[in-house]
Amino acid sequence: MIEYALIFAASCYGIALLLDLWRIGVGPDSADRILALDTMVINVIALLVLYGVWRGTAIYFEAAMLVAMVGFVSTVAYCRFVLRGDIIE
């Protein structure tokens, strides 16, 4: 039963990733693209956690933590670039 739940959840997050890619491609302004990129990072984290549960190993949880840290830094850097024009002051 857990396998069906994992497949359903992974397919929902996969569809959400495709919708995020669509928003990045046709977003009306850069703020929408930044939010879609941040949401995409969250969806990738969820997929890594689901895959770790399916495989029964903890290495994917550590990979999810690394993706979360890189995603946070990239979102902040992209926002600073859009607002100020440079990343490092």
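Just so it is clear, none of the values below were taken in a lab; they were calculated from the coordinates. Note that this is a predicted model, so its numbers are computed, not measured. Here the Cβ is made from the backbone with ideal geometry for all residues, glycine too, and neighbour counts use every protein chain on show.
Mean-square fluctuations from a GNM of the chain, with a 10 angstrom spring cutoff on Cα atoms, peak among 73, 26, 53 at 26. The calculated pair-distance distribution of the chain uses every alpha carbon pair, bins of 10 angstrom beginning at 0, and gives 17, 38, 29, 13, 3, 0 percent. Among rounded, prolate and oblate, which fits the stretch 1-49 when a ≥ b ≥ c are the square roots of the eigenvalues of its C-alpha gyration tensor, a/c under 1.5 means rounded, and a/b larger than b/c means prolate? Verdict is prolate for the stretch 1-49. Between residue 55 and residue 16, the C-beta separation translates, for a Förster distance of 30 Å, into a calculated FRET efficiency of about 0.90. Separation of the stretch 30-86 and the stretch 1-25, taken as the distance between their Cα centroids, equals 15 angstrom. Packing around the peptides 54-67, 31-44, taken as the average count of other Cβ atoms within 10 Å per residue, puts them in this order, highest first: 31-44, 54-67.
Under the criterion of Cα pairs below 8 Å and six or more residues apart, the relative contact order for the chain equals 25 percent.
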